[in-house]
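The values are calculated or read from the model by the stated rules, or taken from the named source; none is laboratory data. Fair warning: this is a prediction, and the values are worked out from it, not measured in the lab. Here the Cβ positions follow ideal geometry from the backbone for every residue, glycine too, while neighbour counts run over all protein chains shown. The area values use the complete protein model at the heavy-atom level, side chains included, leaving out ligands, DNA and RNA. Shrake-Rupley method; radii C 1.70, N 1.55, O 1.52, S 1.80 Å.
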Amino acid sequence: MKKEVSDNVSKDEVDLIEMGKFYFLNGKYEEAISEFEKALKINPKNEDIYFNMGIVKEANNDRGAARKMYEKTLILQPDHKSAKEHLDKLVGIRKGRK
Amino acid sequence: MKQIAVIGLGTFGMAVAKTLAEKGVQVLVIDKNEQRIQEVSSFVTQAVVADATDEQTMRKLGISDFGTVVVASGGNREASILTTLILKELGVKYIIVKGLDDIHARVLQKIGADRIVFPEFDMGIKVAETFVSPNIVEAIELSPEYTMAEVIVPKVFIDQNIRDLNVRERYKLQIIGIKRKEPYIKEDGDTDFKEVLVIAPSPNEILQDGDTLVVIGKYNDIDNLKNL
């Protein structure tokens, strides 16, 4: 299901996030981060930007930076399921362990 | 010279301290038990009888000067959590903690442990190897001399093919696989990636940013690769 864009997210911000995703899909990680950073300047409280940056950092093997991004995501949105899953995986918590 | 501190000398802590010392790492070990400390004192750089849950003691030992600290304390979860918290507050950059169970691991994660290991679960994985360098993701001992390791692709390898890099001749290593991230967009619009394994990559395979190489070789040769 496609997420609805909330009213408090500006068009510029959405465009920048889309550009970031586009670069990420094409394996251009530095460019993707640059777009997400621009979007953050417009709205530093958008948890999805931090999450996307976390994904890019993790894909690029920068685990420390990825972790920080997922933690910021969870501060802004404690129920962010994907951020939690990625964070668990990064630290070494495996599903199903008793 | 890499410096690592190991707190707690149970079976796991002892094995970690010995392995690190054998690799030429300067190791400080801390345990409350004097007998255990005596056992390791001959092969580690410094062995101290101390209570790691005492902040003042840890501060005096200069624990924050160690880039990596391994909390290998055994069954006492309170001590392990408190020690981790103290290390975090004293500014230790990379804290690895032996996890006891899922709840313990989640608490450790919340208070800032950078990596949680389950030695009994990760059996066969030579975890100490991976503590020395964050570039080695996992290593499995094949023989006392040879290991199979996952190594983050060195930056100088990116955008080059395996043939041109001549890894086998130049670095005495065999690349047996590449773990590659494939970015995609999920149905809800979030970005994510899946990891695909390229087994027995062809010499023409071009290495990419974000790749993890699965290599077989001697420990020293893998060390050379990770230092590139």
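Here are the criteria: (1) in the same structural domain as B:Ala52 (by TED's automatic domain parsing); (2) modelled with pLDDT under 70. Tell me which single one B:Leu100 does not satisfy. Of (1) in the same structural domain as B:Ala52 (by TED's automatic domain parsing); (2) modelled with pLDDT under 70, only one is false for B:Leu100: (2).
If we keep just the residues of the stretch B:175-200 that are more than 8 Å from chain A (Cβ to nearest Cβ) and acidic (Asp, Glu), which is farthest from the chain's Cα centre (by Cα)? It comes out as B:Glu182. Please go through the stretch B:110-128 and give me each residue that is at pLDDT below 85, within 11 Å of chain A (Cβ to nearest Cβ) and within 22 Å of B:Lys2 (Cα to Cα), ordered by number. Selection gives B:Val127 alone. A:Gly54: open to solvent by less than 20 Å² (accessible area, probe 1.4 Å), more than 9 Å from chain B (Cβ to nearest Cβ) and without any contact (Cβ under 8 Å) to a residue 40 or more places away in the chain, yes or no? So A:Gly54 fits the description; yes. Would the stretch A:17-36 turn up any residue that is among the β-branched types (Val, Ile, Thr), open to solvent by less than 90 Å² (accessible area, probe 1.4 Å), closer than 21 Å to B:Leu207 by Cβ and at pLDDT 95 or above? Yes, some residue in the stretch A:17-36 is among the β-branched types (Val, Ile, Thr), open to solvent by less than 90 Å² (accessible area, probe 1.4 Å), closer than 21 Å to B:Leu207 by Cβ and at pLDDT 95 or above.
So for the stretch A:73-84 (the condition being touching a Gly at 6+ places or on another chain (Cβ under 9 Å) and among the aliphatic types (A, V, I, L, M)), does at least one residue qualify? The answer is yes; a qualifying residue exists.
Name every residue in the stretch B:151-171 that is outside any strand (DSSP E or B), among the β-branched types (Val, Ile, Thr), within 14 Å of chain A (Cβ to nearest Cβ) and open to solvent by less than 30 Å² (accessible area, probe 1.4 Å), in order of residue number. The one that is outside any strand (DSSP E or B), among the β-branched types (Val, Ile, Thr), within 14 Å of chain A (Cβ to nearest Cβ) and open to solvent by less than 30 Å² (accessible area, probe 1.4 Å): B:Val153.
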